[in-house]
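**Student:** Structure in structure tokens, see below.
The values are calculated or read from the model by the stated rules, or taken from the named source; none is laboratory data. As the structure is a prediction and not an experimental result, all values here were calculated from the model. Cβ atoms come from the backbone with ideal geometry, glycine included; neighbour counts cover every protein chain shown.
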Amino acid sequence: MSYRGRDKEIELPIHNKKETVNAHNIDHARKRCTRKAILWRYLTFLFSLWLCVIQYYERSVIKRTMKRCAWEKWEQWPEVTNLHRVALLADPQIMDAYSYPGRPWIVNYFTQKILDNYHNRNWRYMQYYLDPDSTFFLGDLFDGGREWDDDQWFDEYKRFHKIFPKKPNRLTVMSLPGNHDIGFGDNVVENSYKRFETYFGDTSSSWNVGNHTFVLLDTIALSDSVNSEVSSKPRTFLNNFEHTEHSYPRILLTHVPLWRNPDLQKCGKERESTKPFPIMVGTQYQTVINNVISEEVLTTIKPDLIFSGDDHDYCSISHSYTVNGVKKSANEITVKSCAMNMGISRPAIQLLSLHNPPSSSNSETYNTNICYLPDPFKPLKMYGILTVFTVGSLLWMCFYPKSFNRVIARRLPSKTTVDPALLPVSTKKFDTYSQKDRKANTYIIQVTPGLRGFLVNGGSLLLAIFMMFIYYYRQFQ
């Protein structure tokens with residue numbers, strides 16, 4: 001049959017309208033379920049909880065600790081003028097690859113980040129809130145400093161100054177070496193010794209600070225009886241110091257403590273260990289300087305006060321010595337390590353307040369106090385507990401939403417943004433849905449997220465928490 005002026009219409013296949021609508025509804029339902037599977041309200045709550053805990057342990061606790069050590073709380077001077085305040089830090093021993101060689105690299109990586117953060121945040125807050133006029137380090141700046149070649153050592157040197165940046169207009173002395181920096185006695189590594197001296201300064205020196213003379217003596221090199229190239233420098237310094245007039249009270253700083261009889265000279269109640277002070281000799285270490293050198297140091301320098309490190313734990317004893325027939329005494333305080341991985345539960349720094357005005361006739365020219373640093377392990381325990389709580393909560397919400405809704409969601413308070421009295425009155429049956437049910441629906445988990453939901457929610461929260469830690473750990477760097 002012919003059609004006038006037009007072609008025959010092409011017959012199109014007829015789609016089932018009902019099937020199209022159903023497909024659209026299924027797709028919409030899937031998207032809706034996916035959106036509901038992301039538990040934004042609870043993720044926000046968990047993230048906020050982590051933020052509060054991290055802020056508290058990474059900032060608030062440190063601030064409170066430093067304020068507890070405030071100079072005014074323990075100084076006992078009749079006046080607060082002409083004071084010079086000093087901080088002493090012992091054995092930071094920043095961790096390196098030498099520290100724990102048997103551990104997996106990923107464990108060492110995160111351990112180093114935690115240790116560096118502990119050092120850095122304490123240092124920053126100490127410099128800000130205590131603001132000491134002078135700061136002296138008592139050796140063992142590095143852990144494997146004596147072992148490294150130049151390239152590796154320079155990397156550690158830069159890292160050390162990044163952790164402990166010097167504060168402008170304040171004196172910071174880091175030139176006293178420890179056995180982890182250069183070795184000990186007859187086994188001092190000469191190349192490491194010269195390198196340390198080149199970049200940190202003379203290992204034996206004196207500083208007139210606050211009308212006191214601080215004497216930094218490299219007793220490690222002085223104990224070398226084999227290599228005169230090593231022992232000659234501290235020996236020359238000691239001889240020159242003896243023949244130079246010094247009018248101020250003298251404070252001796254040495255890395256290794258002087259000789260003592262641990263059975264008679266007790267360390268005091270601030271020491272964590274209940275055992276007597278150890279007298280030991282081992283590879284590249286010795287717990288005390290031998291008796292002959294110790295006596296020579298005392299009679300030559302004639303110190304009024306001595307500070308040492310190396311032992312990592314606190315010890316306070318008194319030395320007696322005789323100069324020209326006159327008996328003298330000097331207290332020695334072995335300063336606790338400021339590091340969290342040195343075998344003690346409470347790291348600390350030692351604070352020293354000096355008051356020696358020219359017109360003063362007071363024989364007591366110093367006050368000293370131990371300043372305990374924040375508990376290094378409590379934050380880690382709290383982060384562990386919070387991790388268990390977070391994972392448990394997500395598992396409960398994602399795999400057992402009905403139980404979670406019954407126990408938690410329906411009990412949560414909710415605000416009504418619109419006054420029901422202002423709404424139009426309706427007699428429709430579905431409008432009898434109670435206001436209580438509307439409130440509960442705000443928090444109710446309406447789908448079962450399952451494994452996929454757990455991974456999506458957990459991954460999102462993990463990423464947010466990880467970024468938060470990065471911010472706190474890098475804030476000062």
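**Student:** With LEU89, LEU83 as the choices, which residue is surrounded by 15 or more Cβ atoms within 10 Å (Cβ to Cβ) and under 15 Å from SER337 (Cβ atoms)?
**Tutor:** Among LEU89, LEU83, only LEU89 is surrounded by 15 or more Cβ atoms within 10 Å (Cβ to Cβ) and under 15 Å from SER337 (Cβ atoms).
**Student:** Okay, next question. Would you be able to tell me the number of residues in segment 125-162 that are more than 24 Å from ASN191 (Cβ to Cβ) and in contact with a helix residue (DSSP H, G or I) (Cβ under 7 Å, 6 or more places away or on another chain)?
**Tutor:** The total comes to 4.
**Student:** From LEU130, LEU115, LEU141, which residue is in the same structural domain as GLU197 (by TED's automatic domain parsing) and in contact with a Pro (Cβ under 7 Å, 6 or more places away or on another chain)?
**Tutor:** Testing whether each residue is in the same structural domain as GLU197 (by TED's automatic domain parsing) and in contact with a Pro (Cβ under 7 Å, 6 or more places away or on another chain) leaves just LEU141.
**Student:** How many residues are in a strand (DSSP E or B), touching a helix residue (DSSP H, G or I) at 6+ places or on another chain (Cβ under 8 Å) and either buried (at least 22 other Cβ atoms within 10 Å of the Cβ) or of a type in the set (A, V, I, L, M, F, W, C) (or both) when one looks only at segment 312-344?
**Tutor:** Result for segment 312-344: 2.
**Student:** Something else about it: Kindly list, by first and then second residue, each pair from a residue in segment 177-201 that is hydroxyl-bearing (Ser, Thr, Tyr) to a residue that is assigned to a loop (DSSP other than H, G, I, E, B) and crowded, with 16+ Cβ neighbours inside 10 Å, limited to pairs with Cβ atoms under 6 Å and residues at least 6 apart or on different chains.
**Tutor:** Every condition considered, the pairs that remain are SER192/ARG146.
**Student:** With respect to LYS158, is the statement that it is in contact (Cβ under 8 Å) with a residue 12 or more places away in the chain, surrounded by fewer than 19 Cβ atoms within 10 Å (Cβ to Cβ) and either under 13 Å from the mean Cα position of the chain (by Cα) or part of a helix (DSSP H, G or I) (or both) true?
**Tutor:** no
**Student:** Shifting gears a bit: Tell me yes or no: at least one residue of segment 122-135 is buried (at least 17 other Cβ atoms within 10 Å of the Cβ) and touching a Ser or Thr at 6+ places or on another chain (Cβ under 6 Å).
**Tutor:** Yes; the residues of segment 122-135 include at least one that is buried (at least 17 other Cβ atoms within 10 Å of the Cβ) and touching a Ser or Thr at 6+ places or on another chain (Cβ under 6 Å).
**Student:** Let me ask something else about it. What are the residue pairs meeting all of these: first residue in segment 40-57, first residue farther than 23 Å from ALA409 by Cβ and surrounded by 14 or more Cβ atoms within 10 Å (Cβ to Cβ), second residue at pLDDT 95 or above and basic (Lys, Arg), Cβ atoms under 9 Å, and 6 or more apart or on different chains?
**Tutor:** Pairs found: TYR57/LYS378.
**Student:** Taking TRP153 as the residue in question, decide whether it is in the same structural domain as HIS255 (by TED's automatic domain parsing), surrounded by fewer than 24 Cβ atoms within 10 Å (Cβ to Cβ) and in a loop (DSSP other than H, G, I, E, B). Lay out the reasoning, then the answer.
**Tutor:** Numbers: in the same structural domain as HIS255 (by TED's automatic domain parsing): yes; surrounded by fewer than 24 Cβ atoms within 10 Å (Cβ to Cβ): yes; in a loop (DSSP other than H, G, I, E, B): no.
Considered against the rule, which asks whether it is in the same structural domain as HIS255 (by TED's automatic domain parsing), surrounded by fewer than 24 Cβ atoms within 10 Å (Cβ to Cβ) and in a loop (DSSP other than H, G, I, E, B), TRP153 comes out as no.
**Student:** Tell me, yes or no, whether segment 417-430 has at least one residue that is farther than 30 Å from LYS166 by Cα, surrounded by 10 or more Cβ atoms within 10 Å (Cβ to Cβ) and either in contact with a strand residue (DSSP E or B) (Cβ under 8 Å, 6 or more places away or on another chain) or at pLDDT below 60 (or both). Reasoning before the result, please.
**Tutor:** As a first pass, look at segment 417-430 and keep what is farther than 30 Å from LYS166 by Cα: 417-430.
From what is left, the residues that are surrounded by 10 or more Cβ atoms within 10 Å (Cβ to Cβ) are none.
No, segment 417-430 contains no residue that is farther than 30 Å from LYS166 by Cα, surrounded by 10 or more Cβ atoms within 10 Å (Cβ to Cβ) and either in contact with a strand residue (DSSP E or B) (Cβ under 8 Å, 6 or more places away or on another chain) or at pLDDT below 60 (or both).
Okay, residues lined up against (1) at pLDDT 95 or above; (2) assigned by TED's automatic domain parsing to the domain that holds SER363; (3) under 26 Å from ASN191 (Cβ atoms); (4) among the polar types (S, T, N, Q):
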site	(1), (2), (3), (4)
PHE214	yes, yes, no, no
THR219	yes, yes, yes, yes
SER223	yes, yes, yes, yes
PRO234	yes, yes, yes, no
PHE237	yes, yes, yes, no
PHE241	yes, yes, no, no
SER247	no, yes, no, yes
ARG260	yes, yes, no, no
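**Student:** Give me the pairs: first residue in segment 72-90 and more than 19 Å from ILE333 (Cβ to Cβ), second residue in a loop (DSSP other than H, G, I, E, B) and at pLDDT below 95, beta-carbon distance under 6 Å, and six or more apart or on different chains, which are they?
**Tutor:** The qualifying pairs are ASN82/PRO357.
**Student:** Have a look at SER273, SER205 and point out the one that is touching a helix residue (DSSP H, G or I) at 6+ places or on another chain (Cβ under 8 Å), surrounded by fewer than 18 Cβ atoms within 10 Å (Cβ to Cβ) and closer than 26 Å to ASN367 by Cα.
**Tutor:** Step by step, each of SER273, SER205 is checked, and only SER205 is touching a helix residue (DSSP H, G or I) at 6+ places or on another chain (Cβ under 8 Å), surrounded by fewer than 18 Cβ atoms within 10 Å (Cβ to Cβ) and closer than 26 Å to ASN367 by Cα.
**Student:** Follow-up. Within segment 370-398, can you find the residues that are in contact (Cβ under 8 Å) with a residue 24 or more places away in the chain and surrounded by fewer than 14 Cβ atoms within 10 Å (Cβ to Cβ)? Lay out the reasoning, then the answer.
**Tutor:** Our first condition is that a residue be in contact (Cβ under 8 Å) with a residue 24 or more places away in the chain; within segment 370-398, this holds for 370-380, 382-383, 386, 390-391, 393-395, 397-398.
Those that are in contact (Cβ under 8 Å) with a residue 24 or more places away in the chain and surrounded by fewer than 14 Cβ atoms within 10 Å (Cβ to Cβ): PHE377, LYS378, LEU380, LEU395.
**Student:** Please verify whether segment 348-359 includes one or more residues that are crowded, with 22+ Cβ neighbours inside 10 Å, under 21 Å from the mean Cα position of the chain (by Cα) and in a loop (DSSP other than H, G, I, E, B).
**Tutor:** no
**Student:** Still on this model: Of (1) farther than 30 Å from THR81 by Cβ; (2) out of contact with any helix residue (DSSP H, G or I) (no Cβ under 7 Å at 6 or more places or on another chain); (3) part of a loop (DSSP other than H, G, I, E, B), PRO376 satisfies all except one. Which?
**Tutor:** Condition (2) is where PRO376 drops out.
**Student:** Also: With the requirement that a residue be in a loop (DSSP other than H, G, I, E, B) and under 19 Å from GLU242 (Cβ atoms), what does segment 276-298 give you?
**Tutor:** ILE289 - this is the single residue of segment 276-298 that is in a loop (DSSP other than H, G, I, E, B) and under 19 Å from GLU242 (Cβ atoms).
**Student:** From the set of residues in segment 306-342 that are among the hydroxyl-bearing types (Ser, Thr, Tyr) and touching a residue at least 24 places away in the same chain (Cβ under 8 Å), which is farthest from GLU295 (Cα to Cα)?
**Tutor:** SER337
**Student:** Now a separate question. How about segment 240-258: which of its residues are touching a residue at least 60 places away in the same chain (Cβ under 8 Å) and not hydroxyl-bearing (Ser, Thr, Tyr)?
**Tutor:** Matches in segment 240-258: PHE241, PRO249, ILE251, LEU252, LEU253, HIS255, VAL256, PRO257, LEU258.
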